[in-house]
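The values are calculated or read from the model by the stated rules, or taken from the named source; none is laboratory data. What you are looking at is a predicted structure, and each value in this text was computed from that prediction instead of being measured. Neighbour counts are summed over all protein chains in view; Cβ atoms, including those assigned to glycine, are modelled from backbone coordinates with ideal geometry.
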Amino acid sequence: MDLLSQSDPSTAVRNTALAPVTCRENKSVCIGEGKKLTEGNASRFLELAERLGRRLKQPQRVLTRVAGTRGGEHLRTGQVVGVLAIPGQTFEILPKIAGDDCSVRRALIHMIAVAHNVPLAEGELAALGSQRQSLLELVMALFVRRLATAVQRGLPRRYIEREEDLGLLRGRLNVVRQFTQLAVRTDVLACRFDELSENTPLNRVLKAAVSRLASIAGNAANQRRLAELAARLQFVGETPNPLREPVRLDRTNTAFHNLYHLARLILSGDWQTTTAGEAMGFTLLFPMNVLFEGFIGRSLQRVLGRQRVKLQPRELKALVDPLGSHLFELHPDVVIQTCNGGTPIILDTKWKKLKRHDANLGVKGPDVYQMLAYARRYGARRVILLYPWHKGLAPEPGIIEMWSTADAAEKVVFDIAAVDVGEPASIPAMLHRIVERTSPLR
C-alpha cells in the first residue's frame, strides 16, 4: 500500500493556534489574510508537500499553488487524501464523495483500516463518527484508546540474555571472562542469565508511535492519554529505526497484533519522506487510487476468502523473446478464482468518476485494452472494472453495464460496476453480489 508518512519528533507540532483547514481532493482553498489559510502557512504546507515529491520522485502532486477564478491565489489538492501538519495548523484532505465532513472522515478511516489490515469494531466506528475532530486527531484517538486498553493487561515481555558481573552467581558462569578479564577479581562473578524484559522490538515500535504522536497532538484528551502511555513505556528502550525492528507476532502478543499494524501505519509507509534538514512537520497521506484498490482487495479477501482472492499477482508476463525470456510483467489488481474451478475473474479498480451521459460512461479505452490483455493471458472469461458510485451514475450501486467482446468464439464478459464508498460497511456484501452473479449477460 502506498502511503506518505513523516514527522520530525524534535518539533512539537501543536495544532491549537489556527483551526484545521479541510478540503476535498482535487479542490482548492483560498490563501490570504482573513482566510483559514494564511500566506505563510500555505507556503509551509506547499514546501512540505514538495519535499515529499522530490524525495520520492513521485509525479503526483499533493498540493499546487494556482490562480483563483475570481482573483487571488489558491492551494489546490491532488488525488491524495489524509493530513499534513505544521507547527500551528493542520491541512486535512478528504475524498471527494457525498456526505458531510464527519461522515466522510468516518468512511475514510474505515477504508484506511481495512486496506492496512487494522480491523475496526462497529463500536469504535460509532464513537469516531460522533466526534467533530480532524482526521489526524481521530487516528490518534483510535491508537491511544486501543493501546491504553491493551497495556492495562500488561505489556508483552520476553527473556533477554544479559551479562553482568555480580557478587553472587546468577544463571551460569561466563568462564572465559571469569578467568581472563576477571582473573584477579575474587569478589565478583561473570554471570550470564536470562531476564524477563519489556524492552522488546514490538514495544519499541509502540513507544516510537507514542512519541511521534505526542509531538503533534492538539486535542487535550489525546495529549493526556499519550503522556500516560509514555509513562507506562518508560522502561522500553528507544529505537533509531522502528520500521526495521525485528518484531515477531505470535500467540504470546496476540492482543497487540492490530496495534502493531496501526503503529506502522502512523510511523511510515512506502512513500517515506526525509527527516533531514529543517523540521517540517508530519504527514499521513494516501494516494486515493491506491487506497481504493487496497480497500477493495482486502474486502474481497474477507468476503470470499484469501484462497480465492489474489491481490496484484505478478506470476505471469505478456511476451516471450526468441531466447525464451518472459517480458512485460502483468499485475492486475485482483484475480478471483471461481467456486467451481472454472476460469478466473479479473477485477481492476479505477478511482474515476463515471458519468451516465458520457460516451461509454467515460470508461477509457486504455483501461479496456489492458483488461482484455489480462483476460487473454489468464484465460479469463469475465473481467470487472470497478468504480466509485454516485447518484448521477445509476440509481444504486452494483453492476452498471454488462458488455462483452465482439469475438463470438472466445467471448469475454466485461462488467462495469460501482460501489458506494460513502458507506464502506455495505461494500463487502455488494462485492459478493457483483462477483457471484449467476447471469453472465442480459
**OP:** Quick one: Thr338 ticks every box in (1) part of a loop (DSSP other than H, G, I, E, B); (2) surrounded by 19 or more Cβ atoms within 10 Å (Cβ to Cβ); (3) of a type in the set (S, T, N, Q) except a single one, so which number is it?
**Re:** (2)
Original post:
Of the residues that make up segment 53-65, is at least one surrounded by fewer than 15 Cβ atoms within 10 Å (Cβ to Cβ), assigned to a helix (DSSP H, G or I) and modelled with pLDDT under 90?
Top reply: yes
Subject >> Members of segment 305-318 found to be farther than 22 Å from Ala429 by Cα and either among the basic types (Lys, Arg) or part of a strand (DSSP E or B) (or both), listed by number >> reply: Arg314, Lys317, Ala318
Original post:
Just checking, how many residues over segment 69-105 are among the polar types (S, T, N, Q), in a strand (DSSP E or B) and in contact with a Gly (Cβ under 9 Å, 6 or more places away or on another chain)?
Top reply: 1
Original post:
Hey, among Val144, Val176, which residue is assigned by TED's automatic domain parsing to the domain that holds Asn253, modelled with pLDDT of 90 or more, over 20 Å from Asn241 (Cα atoms) and out of contact with any Asp or Glu (no Cβ under 6 Å at 6 or more places or on another chain)?
Top reply: Val144
Original post:
Only one of Arg212, Arg302 is surrounded by fewer than 19 Cβ atoms within 10 Å (Cβ to Cβ), among the basic types (Lys, Arg), assigned to a helix (DSSP H, G or I) and at pLDDT 85 or above; which?
Top reply: Arg302
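Could you tell me whether Thr16 is at pLDDT 85 or above and either within 23 Å of the chain's Cα centre (by Cα) or not acidic (Asp, Glu) (or both)?
Numbers: at pLDDT 85 or above: no; either within 23 Å of the chain's Cα centre (by Cα) or not acidic (Asp, Glu) (or both): yes.
No.
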Original post:
Among the numbered criteria (1) touching a helix residue (DSSP H, G or I) at 6+ places or on another chain (Cβ under 7 Å); (2) of a type outside the set (D, E, K, R); (3) in contact (Cβ under 8 Å) with a residue 60 or more places away in the chain, which single criterion is violated by Ala230?
Top reply: (3)
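Does segment 319-335 hold any residues that are touching an Asp or Glu at 6+ places or on another chain (Cβ under 8 Å) and either surrounded by fewer than 11 Cβ atoms within 10 Å (Cβ to Cβ) or not in a loop (DSSP other than H, G, I, E, B) (or both), and which are they?
First, pick out the residues of segment 319-335 that are touching an Asp or Glu at 6+ places or on another chain (Cβ under 8 Å): 327, 332-334.
Within segment 319-335, Leu327, Val334 meet the criteria.
Scan segment 405-430 residue by residue and report those that are within 11 Å of Ile384 (Cα to Cα) and either within 28 Å of the chain's Cα centre (by Cα) or of a type outside the set (Val, Ile, Thr) (or both).
First pass over segment 405-430, keeping only residues within 11 Å of Ile384 (Cα to Cα): 412-418.
Result: Phe414, Asp415, Ile416, Ala417, Ala418.
Just to verify a result, which residue in segment 244-256, among those that are without any contact (Cβ under 8 Å) to a residue 60 or more places away in the chain and surrounded by 15 or more Cβ atoms within 10 Å (Cβ to Cβ), is farthest from Tyr159 (Cα to Cα)? Break it down stepwise before answering.
From segment 244-256, those without any contact (Cβ under 8 Å) to a residue 60 or more places away in the chain are 244-251, 254; that's our starting set.
Still in the running and surrounded by 15 or more Cβ atoms within 10 Å (Cβ to Cβ): 245, 247.
Numbers: Glu245: 17, Val247: 14 Å.
So, considering only residues that are without any contact (Cβ under 8 Å) to a residue 60 or more places away in the chain and surrounded by 15 or more Cβ atoms within 10 Å (Cβ to Cβ), the one farthest from Tyr159 (Cα to Cα) is Glu245.
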